[in-house]
Amino acid sequence: MGSHNDSNEHKPHDHILSNKLGLKVLIALLILTVITIIASRIDFGALNFPIAMLIASVKALMVVLIFMGLKYDDNENRVIFFSSFVFVAIFILLTAADIFTRGDFQVKGNFLMQAQSSTKFKKPWISSPEILAHGKKIYTEQCVICHGANGFGDGVAAAALNPKPRNFHEDAGWKNGRSASRIFGTLLTGLGSMPSFKETLPSSDDRWAVTQYILTLDPTKPLDDTEADLKKVGFDPAKGDYGKDEAADVVKRKIPIDFAIDRYLGK
């Protein structure tokens, strides 16, 4: 008889949550929800994501422990449950290690901050042998896949794009205009099937260089830039402000592999 009672004591049993405890947890969850809304309206900089995850984790933990009864479960089940988070953390760390060491995204130093320094090209909207040589190199690495080696819009990914990549040898149809500042602006914002190159080419030197090289593919004289045109893309010649180079802390960034594969496969 005694052994029978002992065995019953070790059998799992249902726990009935009291109304008082349930109400306390509900109020706590509502308070945390209000905190979440308030925090979303405040810019904490690099702490935005950690703060949001901390609040969400506390809420989730309260639901799991109280409403799902993990607090009253066996120790073995609690160990199994929480160990799953360890494996998730390992997966995230391994994934992050791949993302930040792969060939198309290599960052030196703190990747949450962008260092800035003055651009090395003075008046980069004006062509020079130095800037053209740099631009040709970048064009070969970044633009050939869509626009083709000679700029006719016949790259290997062109067939999958709609609208088709720009044929740089044609004078007509330049939606943003055919001048150095307007092509530079298009690289910043993207156009049609072409994405923005603000992150892919974070250096203003690189963007100006590829702009100048693109203009050489058609011998027709490009449109002249006005001071207002240059101000639209962040340059003020009257003040000697030739802009900033956002890539001082960036080792190298190439066109994203995923984007290139999608364009090649027609996605």
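The values are calculated or read from the model by the stated rules, or taken from the named source; none is laboratory data. Since we're looking at a predicted model, the values are computed, not measured. No Cβ is skipped: glycine too gets one built from the backbone with ideal geometry, and neighbour counts run over all protein chains shown.
For region 138-154, how many residues meet the condition of being within 25 Å of the chain's Cα centre (by Cα) and without any contact (Cβ under 8 Å) to a residue 40 or more places away in the chain?
Of region 138-154, the ones within 25 Å of the chain's Cα centre (by Cα) are 138-147.
Now narrow it down to the ones that are without any contact (Cβ under 8 Å) to a residue 40 or more places away in the chain: 140, 144, 147.
Of the residues in region 138-154, 3 are within 25 Å of the chain's Cα centre (by Cα) and without any contact (Cβ under 8 Å) to a residue 40 or more places away in the chain.
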What do you reckon, is Ala209 closer than 24 Å to Leu230 by Cβ, of a type in the set (Gly, Ala, Ser), under 24 Å from the mean Cα position of the chain (by Cα) and at pLDDT 85 or above?
yes
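Can you pull out the residues in region 142-155 that are loosely packed, with under 15 Cβ neighbours inside 10 Å and either in a helix (DSSP H, G or I) or aliphatic (A, V, I, L, M) (or both)? Reasoning before the result, please.
Filtering region 142-155 for residues loosely packed, with under 15 Cβ neighbours inside 10 Å gives 149-150.
Scanning region 142-155 gives a single hit, Ala149.
Collect the residues in region 19-29 that are among the aliphatic types (A, V, I, L, M) and either modelled with pLDDT under 90 or over 32 Å from the mean Cα position of the chain (by Cα) (or both), keeping them in residue-number order. Can you show your working first?
To start, the set of residues in region 19-29 that are among the aliphatic types (A, V, I, L, M) comprises 21, 23, 25-29.
Once the filter is applied, which keeps residues that are among the aliphatic types (A, V, I, L, M) and either modelled with pLDDT under 90 or over 32 Å from the mean Cα position of the chain (by Cα) (or both), region 19-29 yields Leu21, Leu23, Val25, Leu26, Ile27, Ala28.
The rows are residues; the columns are (1) at pLDDT below 80; (2) exposed (fewer than 12 other Cβ atoms within 10 Å of the Cβ); (3) under 24 Å from the mean Cα position of the chain (by Cα); (4) among the basic types (Lys, Arg).
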| position | (1), (2), (3), (4) |
| --- | --- |
| Ile31 | no, yes, no, no |
| Phe44 | no, yes, yes, no |
| Lys71 | no, no, no, yes |
| Thr101 | yes, yes, yes, no |
Odd one out for Ala52 among (1) under 26 Å from the mean Cα position of the chain (by Cα); (2) exposed (fewer than 13 other Cβ atoms within 10 Å of the Cβ):
(2)
